[in-house]
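Accompanying notes for the structure given below.
The values are calculated or read from the model by the stated rules, or taken from the named source; none is laboratory data. Here the structure is a predicted model, which is why all the values come from computation and not from measurement. No Cβ is skipped: glycine too gets one built from the backbone with ideal geometry, and neighbour counts run over all protein chains shown. These area figures cover heavy atoms from the full protein model, side chains too; ligands, DNA and RNA do not enter into them. Shrake-Rupley method; radii C 1.70, N 1.55, O 1.52, S 1.80 Å.
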Amino acid sequence: MEFFRSLVSNKFVGSILLGLIILGMAVWGTENIFSGNFGASVVKVGERGITQQELDEGFERTLRFLRSQSEANRTLTRQQAVQQGLLDREISQQSARLMYLGFAREIGADASSEALAKVVRENESFNSPITGQFDLETYRRVLADNRFSQVQYENGLKDDLTIGYVQDAIEGAVRVPSDLARLQAIFNGEERRIAWIPLREGSLPEPAEPTEEELLTFFETQQAAFTIPERRQISLLSVSTEDFLHLGEFTEDDISAYYEATKTRRLATPEARTFVEAIFVDEDAALNAFGVLAGGGDIDAASASSISTRSAMEDEIGVGEFRDAIFATRATEGSVVGPFETPGGWLVGKVEAITPGEPKPLEEVREELVAELAAENAETEYYNAFNRFDDLIGQGLTIEEIGVEIGAPVLSFLPVDRRGTTGDGDFVGAFQDAPQALGVAFDLPENVVSDRIDGEDTSYVVSVDGIQPSAPPAFEDVRETVRGRLMATRQSEALQTVADAVRSTLESGVSTLEEQAELYDSAVVRPEASMSRTSFDQTLPRPVLQAAFDMDQEGDVTVAQGLLPGERFIVQLESLTRPSPEDLDLLAIVSGAQLTEGLRGDLQQAFQQELVESLEIETNAAALAAYRAAILDDQ
């Protein structure tokens, strides 16, 4: 470096070196330093790659779909989606597509332009409302409405067709043999009737009081169960959006501007539209009228059986398709819609005027606006705090010093074990809101602040203030605990012994369920309906259901663990009826389809695994990391 610095200090030599650098750039190019041999792609498989723009467009489409599916996702941000792993899922899905396409290219199975054109022309969404046939202008308009360019849509559709060819080829030869389908049908179609009795520890005599020698022996053999676990005294510093709500101070101008930008969401009265509607006796007349209206003609000149003009709100129009068309977002004054078939004939309409809904007055929604502004501001401050957290941790500050800088309190707790339980057996509820905190804290050295931990809507750091190591207790300190556990063990063993004896008695046929139930102060439970593996009463106890299908012959008896530790179920299979030959033929059709679907799924999964092993997926980790960071930093 010193040598080159001395050369560059000479203007003549420095000019030569600069010229060589420029020449090198001209010859070999100056691609982004993160790109390596990727060019513009962030992920590559063979010749095909995904650009950052394509990844971003796919990610945005996924977000729009999720937002439209549920109210909970309505406000899902790009930052939240990244933190929830949705970006990683998008990358995985697009990479899987590339693998299929790479394989198809190798075997020459790419979809043809003719196949693409056929699918496009058969899509009724692209048909002209006048002719009912494929229309190029309608095609382009529908794509534009859905934010697709023609090239982008056709390339994506061609890729979908190609992937479909590969998947169909994999699945096409899968057929389940009829004998196997019939066996599955027998398995699924068996009708079973059962009965059971519950046995509980309370119905048995109390075990004998243990001697001191027995207590000591039990303590020594089970000493690990009585060992005091390691406990740690943990401090927790958490930050959530709620911590920043108080920072929102808004002027009247801020509130007024926000109201103007969002007032269409706060309508006191719904939007109304004035429209002409005309009924025609047949579709040809309606199509002719549609053409006249679309060309600017007068609807009165059309041969309609009835013509009327009215104003209505959306919920006042009875014909669903007509209503949706009249109130469509893209419908403007002068838009013509139809024809739609109705019981009275074919309906055509024209929007004459649009009367927007009246928004609620500013004063009526002022508190709501302030709350929304405060929430948006708090969310921004919350994401800004991420970098602040990381900087303070990197500076080596203590958790208390970080709390002062962030402006949030540090919570300290009594020593807890890995379950968050104190020595008195109390659970520290704060760890329920920070579920990862305990695991992180038990991996930390003492007096070291953890990295930032991001929860669903909270970020936090933890520090360990002290460690109480695990230690075996003295017998005298836990004598009563030892006695309680020994008595519980004896009760459980006695219950199992009785349950096994009842089972043997029932299997021998010398007694009945009713007799055994009376003997142990219990009652027989006998469901009225029979059950099969595909149809059963889901309110029955899960252990009983499991036991019912573990038995093979009528009269079999089994013992199942009850819903409580001190409970056992004695279950008897009273009858087993297999499907008749006629029923079996029908059931085998369903079973065969189910088995085929399962085999196809397994085959697809195995094929994908083979693709992963045979096709090299190249990932531009630096570019993906930069893209991810850009989303998280974009406020």
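Simple spin-label model, 7 Å along Cα-to-Cβ: Ala621 to Gln432 in nm?
In this crude label model, Ala621 to Gln432 measures out at 4.0 nm.
Could you list the GluC sites (Glu not before Pro) in the stretch 209-238 that lie in coil according to DSSP, counting only those with at most 15 other Cβ atoms within 10 Å of their Cβ? Working shown, then result.
Details: sites: Glu212, Glu213, Glu214, Glu220, Glu230; in loops: Glu230.
Answer in residue order: Glu230.
Would you calculate the separation in nanometres between label points at Thr309 and Asp477, each defined as 7 Å from the Cα along the Cα-to-beta-carbon direction?
It is 9.3 nm.
Label the stretch 457-593 by shape, choosing from rounded, prolate and oblate, from the square roots a ≥ b ≥ c of the eigenvalues of the Cα gyration tensor; if a/c is under 1.5 it is rounded, and otherwise prolate applies when a/b is larger than b/c, oblate when it is not.
On the way: a/c = 3.68, a/b = 1.52, b/c = 2.43.
Verdict is oblate for the stretch 457-593.
Bin by bin, in steps of 10 Å, what percent of the Cα pairs in the stretch 356-450 do you find, going until the bin that has the longest distance?
12, 29, 26, 16, 10, 6, 1
Output the relative contact order of the chain, whole-number percent, from Cα pairs under 8 angstrom with separation of 6+ residues.
Here the relative contact order equals 24 percent.
What is the sum of charges around Ala272, taking Lys and Arg as +1, Asp and Glu as -1, for the other residues whose C-beta is under 12 Å from the C-beta of Ala272?
Charge balance in the 12 Å sphere: -4.
With a cut-off of 8 Å between alpha carbons and a minimum separation of six or more residues, what is the relative contact order of the stretch 280-416 in percent?
It comes to 18 percent, rounded to a whole number.
Pull out the extension gain between Arg542 and Glu400, defined as 0.36 nm times the separation in residues minus the alpha carbon to alpha carbon distance; nm, one decimal.
Extra length from Arg542 to Glu400 when fully extended: 46.2 nm.
Could you tell me which of rounded, prolate or oblate describes the chain, using a ≥ b ≥ c as the square roots of the eigenvalues of the alpha-carbon gyration tensor, with rounded for a/c under 1.5 and, failing that, prolate when a/b is larger than b/c and oblate otherwise?
oblate
Picking from Leu519, Ser535, Gln546, whose Cα lies most toward the positive end of the charge dipole for the stretch 512-552 (charges on Cβ: Lys, Arg +1; Asp, Glu -1)?
With unit charges placed on the Cβ atoms, the residue in question is Ser535.
Could you point to the residue in Gln152, Val281, Gln468 farthest towards the positive end of the chain's charge dipole, with +1 and -1 charges on the Cβ of Lys/Arg and Asp/Glu respectively?
Of the listed residues, the answer is Gln152.
How big is Rg to Rh over the stretch 80-144, alpha-carbon atoms, Rh as the Kirkwood inverse-mean-distance radius?
1.19
If we count every other residue with Cβ under 11 angstrom of Gly562's Cβ, Lys/Arg +1 and Asp/Glu -1, where does the sum land?
The answer is +1.
Which value, in Å² rounded to 10, gives the accessible area of Ser470 with a 1.4 Å probe and all protein chains present?
Counting only protein heavy atoms, Ser470 exposes about 70 Å² to solvent.
Which order do you get for Thr398, Thr62, Thr497 if you rank them by accessible area with a 1.4 Å probe, largest at the top? The partial results should precede the final answer.
Numbers: Thr398 65, Thr62 30, Thr497 90 Å².
The ranking, largest first, comes out as Thr497, Thr398, Thr62.
Under the rule a/c < 1.5 gives rounded, and otherwise a/b versus b/c splits prolate from oblate, where does the stretch 530-618 land using the Cα gyration tensor?
On the way: a/c = 3.73, a/b = 1.65, b/c = 2.26.
Oblate.
As an exercise, use a Förster radius of 60 Å and the Cβ-Cβ distance of Arg74 and Glu582 to find the FRET efficiency, rounded to the nearest 0.05.
Approximately 0.70, to the nearest 0.05.
Of Lys118, Lys360, which has the most accessible area with a 1.4 Å probe, and how do the rest follow in descending order?
Result of the area sort, largest leading: Lys118, Lys360.
Please quote Rg/Rh for the stretch 133-237 to two decimal places, taking the Kirkwood radius as Rh and restricting both calculations to Cα atoms.
On the Cα set of the stretch 133-237, Rg over Rh gives 1.43.
Under a Cβ-only charge scheme (Lys and Arg +1, Asp and Glu -1), can you give me the dipole magnitude of the chain about the Cα centre, in debye to the nearest 20?
Approximately 1660 debye in magnitude.
Does anyone have the angle between helix 581-614 and the longest principal axis of the chain? Alpha-carbon axes, 0 to 90°, nearest 10?
With both axes taken from Cα atoms, the answer is about 70 degrees.
Roughly how far apart, in whole Å, are the Cα centres of the stretch 460-528 and the stretch 180-198?
31 Å
Which of the aspartates and glutamates could be linked to Lys118 by a straight reach, that is with a Cα gap under 13 Å, when you skip same-chain ones fewer than 8 residues away?
Glu154
Rg/Rh for the stretch 474-532 to two decimals, with Rh computed the Kirkwood way over all alpha-carbon pairs.
Values: Rg = 18.0 Å, Rh = 14.5 Å.
On the Cα set of the stretch 474-532, Rg over Rh gives 1.25.
Of Leu438, Leu411, which has the most accessible area with a 1.4 Å probe, and how do the rest follow in descending order? Please report the intermediate quantities before stating the final value.
Details: Leu438 20, Leu411 80 Å².
Solvent-accessible surface, decreasing: Leu411, Leu438.
Tell me the angle of helix 283-294 to the major Cα principal axis of the chain, expressed in degrees between 0 and 90 and rounded to the nearest ten.
Helix 283-294 sits at roughly 60 degrees to that axis.
Could you tally the net charge around Ser508, taking each other residue with its Cβ under 14 Å from the Cβ of Ser508, Lys/Arg +1 and Asp/Glu -1? Present the calculation step by step, with values, prior to reporting the outcome.
Numbers: positive: Arg503; negative: Asp500, Glu507, Glu515, Asp556.
Net of charged neighbours comes to -3.
Long-range amide H contacts for Ala195: which residues qualify at under 5 Å (H placed 1.01 Å from N, peptide plane, sequence gap of 5 or more or a different chain)?
It is Gln572, Glu574, by chain and number.
Mean separation of Cα pairs under 8 Å and 6+ residues apart, divided by the residue count of the stretch 483-635: what relative contact order is that in percent?
Relative contact order here is 17 percent.
Using alpha carbons only, how many degrees (0 to 90, rounded to 10) separate the axis of helix 479-508 from the longest principal axis of the chain?
Once rounded, the angle reads 90 degrees.
Under a plain spin-label model, where a point goes 7 Å from the Cα along Cα-to-Cβ, how far apart in nm are Ser92 and Thr131?
Each label point lies 7 Å from its Cα, and together they span 4.7 nm.
Mind grabbing the accessible area of Glu341 for me, 1.4 Å probe, Å², rounded to tens?
Approximately 130 Å² of Glu341 is accessible to the 1.4 Å probe.
Convert each backbone phi in the stretch 215-224 into a coupling constant with the Karplus relation 6.51 cos²θ - 1.76 cosθ + 1.60 (shift: θ = phi - 60°), then list the ³J(HN,Hα) values in order as whole Hz, x for Gly and Pro.
Result, rounded to whole Hz: 4, 5, 4, 4, 4, 5, 7, 10, 4, 4.
When all alpha-carbon pairs of the stretch 270-401 are counted, what percent fall beyond 19 Å?
Value for the stretch 270-401: 63 percent of Cα pairs lie more than 19 Å apart.
Tell me, what ³J(HN,Hα) does each residue in the stretch 434-440 have, in order and in whole Hz, if you take phi through Karplus 6.51 cos²θ - 1.76 cosθ + 1.60 with θ = phi - 60° and put x for Gly and Pro?
With the stated coefficients, the stretch 434-440 comes to 10, x, 7, 4, 5, x, 5 Hz.
Run lengths n ≥ 4 of DSSP H only: what is the helix-derived mean residue ellipticity at 222 nm for the chain, with -39500 (n - 2.57) per run over all residues, to the nearest 500?
Taking each H run of at least 4 residues, the total per residue is -15500 deg cm²/dmol.
With +1 on the Cβ of every Lys and Arg and -1 on the Cβ of every Asp and Glu, and nothing else charged, how large is the dipole of the stretch 481-616 about its Cα centre, in debye rounded to the nearest 20?
Dipole size: approximately 720 debye.
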